[in-house]
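Each reported figure results from applying straightforward, stated rules to the coordinates on display, with no laboratory input. Computed from a predicted model, the values in this text were never measured in an experiment. Backbone-built Cβ (ideal geometry, glycine too); neighbour counts: all protein chains shown.
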Amino acid sequence: MSTLFGTDGVRGIPGQAPLTPAGVRRLAQLAAEAFLGRTPREAPCVLLGRDTRGSGPALARSLADGFKAAGVRTVDLGVVPTPAVSYLTPRRGALCGVVVSASHNPPEFNGIKFFGPDGRKSSPDVEGEVERRFAAAADPGARGARADRDPSGAGEYLDFLRSTVPPHETLEGLRVVFDGSNGAAAAFGAPLLRALGATVFELGVRPDGRNINVGCGALETEPMRREVVRRKAHCGVAVDGDADRCVLSDERGRLLDGDALIALSALHLKEEGLLHGDKVVLTVMSNLGLVEFLRREGIGSVQVPVGDKHVTEALERGDLMLGGENSGHVVFRRFAPTGDGLLTALQTLAAWRARGGPLSRVRSLYKVFPQQLTNVRVSRRVPLEDLPGFQSELARAERLLRDSGRVFVRYSGTEPLLRILVEAEDGGLTKALSGKLAEAFKREAEGT
């Protein structure tokens with residue numbers, strides 16, 4: 001993995017490298033030059049969107065200065081979901097799109113991610129070129145660049161979302177709890193659902209610059225699930241801070257993660273004859289129960305590393321239509337090239353309505369293998385192969401689970417964490433093994 005770009009753009013604490021004003025200006029100038037070198041444009045512009053973090057406007061100004069240094073105009077969409085930038089970039093004929101967001105990370109983080117002129121996440125060759133030049137590049141300096149406002153972009157994106165719901169399907173009669181995570185979709189999710197006929201109860205729709213992803217949204221779903229039960233709603237929908245992921249709750253307040261949403265949509269698309277190749281793309285974090293269920297239903301699965309960029313690449317390679325992560329990043333390639341939380345919500349609700357019955361039936365489509373995901377905070381990313389004690393404990397866990405589960409260990413691409421996933425039919429064993437692996441790592445790598 002590169003040292004500047006992680007699995008989803010550049011992330012960090014604003015004011016600390018690389019998210020200093022000078023660093024952001026350099027990043028913007030180099031990115032614009034890299035895109036111009038591949039797709040020259042006359043009077044080029046960049047589409048810029050952001051989430052609700054208080055640090056966003058200052059980072060956006062530094063980006064505009066860097067783009068100006070490259071001779072590129074900035075068009076500001078304001079606070080919009082990340083997928084809106086992906087959708088609008090090719091339709092506006094923009095050189096690229098850029099989003100100021102740290103997605104699901106806590107409010108003190110922020111980040112910058114780029115989309116190519118086709119609306120797809122920036123390619124490894126663009127990111128590689130930017131990274132190679134970044135350290136030696138000069139700061140282009142503050143230039144007082146002014147971004148042109150485009151207030152119509154959000155409305156155009158919402159019109160597109162509504163158009164993806166079949167004309168014969170409405171949400172009339174549905175009682176839905178929507179949790180906007182105090183983020184980019186806070187102002188858009190409930191109106192979108194109401195426009196399709198639903199009665200909507202709102203949570204996480206009062207961003208103040210400091211409360212994005214705090215006690216709400218797709219990462220902290222308990223408030224949404226409680227509200228579903230309290231309101232006697234049919235379901236709940238929760239997105240994350242930049243609305244590129246989504247999870248649901250059934251009428252009993254039980255969670256449906258990305259795996260469950262993929263299971264439902266895979267069945268629906270297959271029945272409609274729209275599941276090309278009768279395959280879906282999953283990541284290595286997807287539950288083994290889902291893989292087995294799909295196999296029984298005659299649906300194959302292609303497994304890729306974590307990150308919706310990897311999902312998208314596999315979908316395009318295989319000309320497949322559906323893929324995603326259990327975190328709620330789901331890609332409906334028929335409509336969009338990247339994960340979109342609001343689109344996922346609409347497609348899931350439409351598939352469920354076509355199927356009939358309560359949403360709790362979807363949750364019981366397959367048996368979930370117990371998983372234990374342990375996140376260990378790290379001060380530095382010691383290569384795992386340099387930790388013999390940890391490797392010994394890992395080999396022991398893999399031997400124990402050879403025929404009945406798995407172990408997966410990786411550093412997070414967006415946070416200073418080591419993620420340890422243990423999955424097996426025996427829930428007690430998963431917890432025990434995960435705990436021992438975490439202890440072995442901390443003892444050897446962190447000295448604790």
*Enumerate the residues in segment 395-437 having an amide nitrogen under 20 Å from the point lying 7 Å beyond the Cα of Glu108 toward its Cβ.*
412-419
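Taking only pairs that are 8 or more places apart or on different chains, how many Lys pairs in the chain have Cα atoms under 15 angstrom apart? Write down the numbers at each step before the final one.
On the way: Lys113/Lys121; Lys113/Lys309; Lys121/Lys309; Lys270/Lys279.
For the chain, the number of qualifying lysine pairs is 4.
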*Arrange Leu342, Leu275 by Cβ neighbour counts within 10 Å, fewest through most, would you?*
Leu275, Leu342
*List every residue whose amide H lies under 5 Å from the amide H of Gly300, counting only residues 5 or more places away in sequence or on a different chain, with H placed 1.01 Å from N in the peptide plane.*
Lys279, Val280
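Which of Lys232, Lys431, Lys309 comes first, and how do the rest follow, when ranked by fewest Cβ neighbours within 10 Å? Don't skip to the end; give the middle numbers.
On the way: Lys232 8, Lys431 15, Lys309 23.
Placing the least packed residue first, the sequence is Lys232, Lys431, Lys309.
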*Peptides 169-178, 51-60: what's the order by average Cβ count within 10 Å, highest mean first?*
51-60, 169-178
*Summing -39500 (n - 2.57) over the DSSP H runs of n ≥ 4 in the chain and dividing by its residue number, what mean residue ellipticity at 222 nm do you reach, to the nearest 500 deg cm²/dmol?*
-11000 deg cm²/dmol
*From the backbone phi of segment 329-346, what are the Karplus-calculated ³J(HN,Hα) couplings (6.51 cos²θ - 1.76 cosθ + 1.60, θ = phi - 60°) in whole Hz, Gly and Pro given as x?*
6, 10, 10, 9, 5, 4, 10, 8, x, 8, x, 9, x, 5, 4, 4, 4, 5
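Would you mind ranking Ile13, Ile212, Ile262 so that the residue whose beta carbon has the fewest other beta carbons within 10 Å leads the list?
Numbers: Ile13 12, Ile212 33, Ile262 27.
Ranked by crowding around the Cβ, least crowded first: Ile13, Ile262, Ile212.
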*How would you rank 109-121, 344-356, 142-154, highest first, on the average number of other Cβ atoms within 10 Å across their residues?*
109-121, 344-356, 142-154
*asked:* Need one number: nm distance between label points at Arg381 and Lys232, each 7 Å from Cα along Cα→Cβ, rounded to one decimal.
replied: 5.1 nm
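Lys367 to Ser404: extension gain in nm, 0.36 nm per residue of separation minus the Cα-Cα distance?
On the way: separation 37, 0.36 × 37 = 13.32 nm, distance 1.42 nm.
Taking Lys367 through Ser404 to full extension adds about 11.9 nm, to one decimal.
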*Roughly what would the spin-label model give for Arg317 and Glu131, points 7 Å off Cα along C-beta, in nm?*
1.9 nm
*For the chain, what's the radius of gyration and Dmax over Cα atoms, in angstrom?*
21.7, 62
*Which distance in nm do the two modelled labels at Gln391 and Arg355 give, with both placed 7 Å along the Cα-to-Cβ direction?*
4.4 nm
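Provide the packing ranking of 361-374, 66-79, i.e. peptides ordered by the mean count of other C-beta atoms within 10 Å per residue, highest first.
Values: 361-374: 17.6, 66-79: 21.7.
Taking the mean over residues of other Cβ atoms within 10 Å, the ranking is 66-79, 361-374.
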*Classify segment 10-155 as rounded, prolate or oblate, taking a ≥ b ≥ c as the square roots of the eigenvalues of its Cα gyration tensor: rounded when a/c is under 1.5, otherwise prolate if a/b is larger than b/c and oblate if not.*
rounded
_From zero outward in steps of 10 Å, how is the percent of C-alpha pairs of segment 371-446 spread across the bins?_
21, 55, 23, 1
*Bin width 10 Å, alpha-carbon pairs only: give the P(r) of segment 257-363 as whole percents, running from 0 to the bin holding the largest distance.*
16, 55, 27, 1
_Radius of gyration and Dmax over the Cα atoms of segment 156-255, both given in Å_ = 12.8, 41
